[in-house]
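Q: If you scroll down you'll find the structure; I have some questions about it.
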DNA sequence: GTAATTCCCTACCAAGTTGATAGACTTAAA
DNA sequence: TTTAAGTCTATCAACTTGGTAGGGAATTAC
């Protein structure tokens, strides 16, 4: 399951996508409209900034805004950044791979099945962007 | 990601599937062959028994064994029992549904996307059984 | 009927994660 | 130079995860 943090991140990104190229948006505005705890949201947005998804401006008239075209930010990317691996097993993850102890990947039935599940999920998540999320 | 507990559960079930209808198998044998901490495995097997997947016999010659034909035990069922929801959001889960606060499911882009991901995963996990896992 | 074997049960624990809050600090605009 | 923002550090309670300990209860063999 996606953590609450991830769900908040998506709500905030949806809000910012709706306001793409309309100037900075206050954290407090996002928090209020999307009903997200203010200080928690601060952390999330800061993290998304450090990872290059968002950019910000300080001082009066400041706020957060998308660093790139929302049509170019994949949902899969956001999930990996905020939530972690998409795959159900470490030995099957593309971005967080760790090999199995005591289990030969080549003849592990679970491994093969989880590769299928991963690919089925990615066929959707790699082909949807922030733009698809917003109104 | 599947918890270690889930991964242990699958390893143990795979072992028991290979020995289906060959009499009870000792916890200690499974623990040794699959390299699972003994006491932790005890808990897991007991849980699987309470949920009707396994059955057991006490005393000499006792042990654990599958309660039903492994070809009839879906992988999705095991994941739900041991690991929890398969869906990425509570508002999208078939077996662990909880409605979204502050979010209209009918026009939530994330909701719709996560329904797709859930169905893609289930198309695999509901159609594979313990038999498919084993050799 | 009693000893050995095996699962069953209750309790506990350390470490990590999650969700959240508090407060001071820095930058930039007016 | 004041004020309005975002930024940073730190702390916290509650929960989950992975694992351990030790005895109790049922069954079998003798």
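The values are calculated or read from the model by the stated rules, or taken from the named source; none is laboratory data. In this text the structure is predicted, and so the values were computed from the model without any measurement. Neighbour counts are summed over all protein chains in view; Cβ atoms, including those assigned to glycine, are modelled from backbone coordinates with ideal geometry.
Q: Going by what's in this entry, would residue A:25 be described as over 21 Å from residue B:86 (Cα atoms) and more than 17 Å from the chain's Cα centre (by Cα)?
A: yes
Q: Report, by residue number, each residue of segment B:42-92 that is in the same structural domain as residue B:125 (by TED's automatic domain parsing), farther than 18 Å from residue B:133 by Cα and more than 16 Å from DNA strand D (Cβ to nearest atom).
A: Result: B:89, B:91, B:92.
Q: Here's another thing I want to ask about it. For the condition part of a helix (DSSP H, G or I) and on the phi < 0 side of the Ramachandran plot, what is the one hit in A:112, A:55?
A: On the way: A:55 fails: part of a helix (DSSP H, G or I).
It is A:112.
Q: Among the candidates B:44, B:79, which residue alone is in a helix (DSSP H, G or I) and away from DNA strand C (no atom under 16 Å from the Cβ)? Steps first, answer last, please.
A: Details: B:44 fails: away from DNA strand C (no atom under 16 Å from the Cβ).
Going through B:44, B:79 in turn, the sole match is B:79.
Q: I'm trying to understand the selection: among the residues of segment B:13-24, which are buried (at least 21 other Cβ atoms within 10 Å of the Cβ) and in contact with a strand residue (DSSP E or B) (Cβ under 6 Å, 6 or more places away or on another chain)?
A: Within segment B:13-24, B:16 is the sole residue that qualifies.
Q: Among the listed residues B:124, B:36, identify the single one that is assigned to a loop (DSSP other than H, G, I, E, B) and either in contact with a helix residue (DSSP H, G or I) (Cβ under 7 Å, 6 or more places away or on another chain) or crowded, with 17+ Cβ neighbours inside 10 Å (or both).
A: B:36
Conditions tested, residue by residue: (1) touching a residue at least 12 places away in the same chain (Cβ under 8 Å); (2) farther than 23 Å from residue B:111 by Cα; (3) within 14 Å of another protein chain (Cβ to nearest Cβ).
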site	(1), (2), (3)
A:9	yes, no, yes
A:35	no, no, yes
A:49	yes, yes, no
A:78	yes, no, yes
A:82	yes, no, yes
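Q: Moving on. Quick check on residue B:95: is it away from chain A (no Cβ under 12 Å), more than 14 Å from DNA strand D (Cβ to nearest atom) and either in contact with a helix residue (DSSP H, G or I) (Cβ under 6 Å, 6 or more places away or on another chain) or at pLDDT below 95 (or both)? Spell out how you get there, then give the answer.
A: Details: away from chain A (no Cβ under 12 Å): yes; more than 14 Å from DNA strand D (Cβ to nearest atom): yes; either in contact with a helix residue (DSSP H, G or I) (Cβ under 6 Å, 6 or more places away or on another chain) or at pLDDT below 95 (or both): yes.
When the stated conditions are applied, residue B:95 passes them.
Q: Do we find a residue being buried (at least 19 other Cβ atoms within 10 Å of the Cβ), more than 16 Å from DNA strand C (Cβ to nearest atom) and within 30 Å of residue A:15 (Cα to Cα) anywhere in segment B:101-110?
A: Yes.
Q: If residue B:67 satisfies every condition in (1) within 12 Å of DNA strand C (Cβ to nearest atom); (2) surrounded by 12 or more Cβ atoms within 10 Å (Cβ to Cβ); (3) under 16 Å from residue B:8 (Cα atoms); (4) free of Cβ contacts under 8 Å to residues at least 40 places away in the same chain but one, which is the exception?
A: (3)
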